[in-house]
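Remarks on the structure that follows.
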Amino acid sequence: MGGSISKKIEVSDERKLSSHHISSVQCLRVQNDLKGRSFEKKYSLISVIGEGSMGTIYRVRRRKSLCGQEYALKTLSKSVTCEVLIDEMKNEISLIKELDHPNIIRAYETFEGGKILGVITELCTGKDLHSRLPYQEKETARIVSKILSAVQYLHSKNIVHRDIKLENIMFESSRPNSDIKLIDFGLAKKILNKNQYLSDYAGTEYTMAPEVLTKAYTTKVDLWSVGVTAYTMMSGKIPSPKKFSKERLEHVFKGEKWDDISGSAKLFVFDLLNTNPVERPDAREALQNCWLEHCYPTRERTSVRTKSRVDECIFNQN
């Protein structure tokens with residue numbers, strides 16, 4: 001299984017986002033270790049966002065930025081991480097740096113010192129999807145549409161995420177209508193085409209598609225995970241994987257907790273949780289679902305961006 005900077009820093013710590021003052025000693029330690037890559041010439045450390053057993057997440061400010069643009073610096077301590085995981089995270093960073101979608105976390109540049117591996121990413125000051133459970137149907141549709149847009153983009157690039165879940169979707173800010181970002185590409189994999197079969201065991205149990213256990217699966221596993229995410233957002237509880245047989249799901253939808261959920265919303269979830277991946281919709285088909293169109297019309301959705309001029313200007317500076 002792959003690693004990721006988010007995982008190694010502990011997702012639970014990252015979700016807290018309870019910034020606290022960074023000491024001058026800690027600041028000097030980070031800057032000195034990353035001095036070989038001129039980190040201190042480009043960024044100033046502001047505060048600690050989250051800490052874990054293998055690394056720390058800092059809020060940083062770009063020095064040559066007219067608007068004082070802030071980012072996140074995620075660091076990994078080499079001394080407590082095996083070489084294999086460090087190599088895997090370097091691959092993950094390389095993958096993310098090539099992606100450009102409004103609902104996928106962006107990684108801009110990396111720094112490596114003798115003791116620390118660091119990556120500069122977008123700064124998300126909101127918490128993850130789990131923090132706001134449960135969701136109203138319309139809000140679920142808005143967020144799920146954005147997740148599906150990100151998944152469609154990934155699949156068009158022949159990348160399968162393999163670990164879509166509440167904890168890996170962050171709110172950009174604390175605003176009620178905040179945009180979301182898909183994070184944590186530690187288990188993501190580049191493939192030849194969307195129909196290529198994969199065989200390695202990867203994912204999180206409660207969002208893992210059943211075909212992963214057969215060691216023969218495609219990009220459709222991501223759609224199953226989106227279905228579990230939508231189910232959890234509206235039900236307010238992380239489900240047992242055993243609930244998703246056709247018969248059990250039909251029984252659950254007849255329960256009192258789902259009385260206020262429309263039939264079209266239930267059908268949307270039901271389609272994504274089809275245990276036959278051939279019959280499961282792909283991301284493009286799911287985005288065209290009538291429930292999503294009714295609750296979050298296409299005209300209101302954010303179009304896929306090209307790289308922003310601000311980012312291009314800032315990160316192309318010598």
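Here the condition is being outside the structural domain of L287 (by TED's automatic domain parsing) and more than 13 Å from the chain's Cα centre (by Cα); of L133, L117, it holds for L117 alone. Among all residues of the range 168-183, there is none that is surrounded by 22 or more Cβ atoms within 10 Å (Cβ to Cβ), in a helix (DSSP H, G or I) and among the aliphatic types (A, V, I, L, M).
The condition of being among the polar types (S, T, N, Q), in contact with an Asp or Glu (Cβ under 9 Å, 6 or more places away or on another chain) and part of a helix (DSSP H, G or I) does not hold for S264.
Please determine whether any residue of the range 209-218 is within 17 Å of the chain's Cα centre (by Cα) and either farther than 26 Å from K74 by Cα or of a type in the set (A, V, I, L, M) (or both). No, that holds for no residue. Each residue in the range 208-236 was checked for being basic (K, R), touching a residue at least 60 places away in the same chain (Cβ under 8 Å) and over 19 Å from L267 (Cβ atoms), and 0 of them qualify. When the residues of the range 37-62 are filtered to those that are within 14 Å of K74 (Cα to Cα) and not in a strand (DSSP E or B), the one that is modelled with the lowest pLDDT is S53. The residues of the range 123-182 that are out of contact with any Cys (no Cβ under 7 Å at 6 or more places or on another chain) and among the small types (G, A, S), listed by number, are G126, S131, S145, S149, A150, S156, S173, S174, S178. For the range 87-108, residues that are surrounded by fewer than 17 Cβ atoms within 10 Å (Cβ to Cβ) and either more than 18 Å from the chain's Cα centre (by Cα) or among the β-branched types (V, I, T) (or both) total 1. Restricting attention to the range 155-170 and to residues that are in contact with a Leu (Cβ under 8 Å, 6 or more places away or on another chain) and not hydrophobic (A, V, I, L, M, F, W, C), the residue that is farthest from W224 (Cα to Cα) turns out to be K157. Within the range 202-239, the residues that satisfy the criterion of being surrounded by 13 or more Cβ atoms within 10 Å (Cβ to Cβ) and part of a loop (DSSP other than H, G, I, E, B) are A202, G203, T204, M208, A209, T218, T219, I238, P239.
With the requirement that a residue be more than 12 Å from the chain's Cα centre (by Cα) and under 30 Å from E300 (Cβ atoms), what does the range 173-204 give you?
Taking the range 173-204 as the starting set, the residues that turn out to be more than 12 Å from the chain's Cα centre (by Cα) are 173-179, 189-204.
Passing the criteria: S173, S174, R175, P176, N177, S178, D179, K194.
The values are calculated or read from the model by the stated rules, or taken from the named source; none is laboratory data. Computed from a predicted model, the values in this text were never measured in an experiment. As a convention, Cβ positions derive from the backbone with ideal geometry for all residues, glycine included, and neighbour counts pool all protein chains shown.
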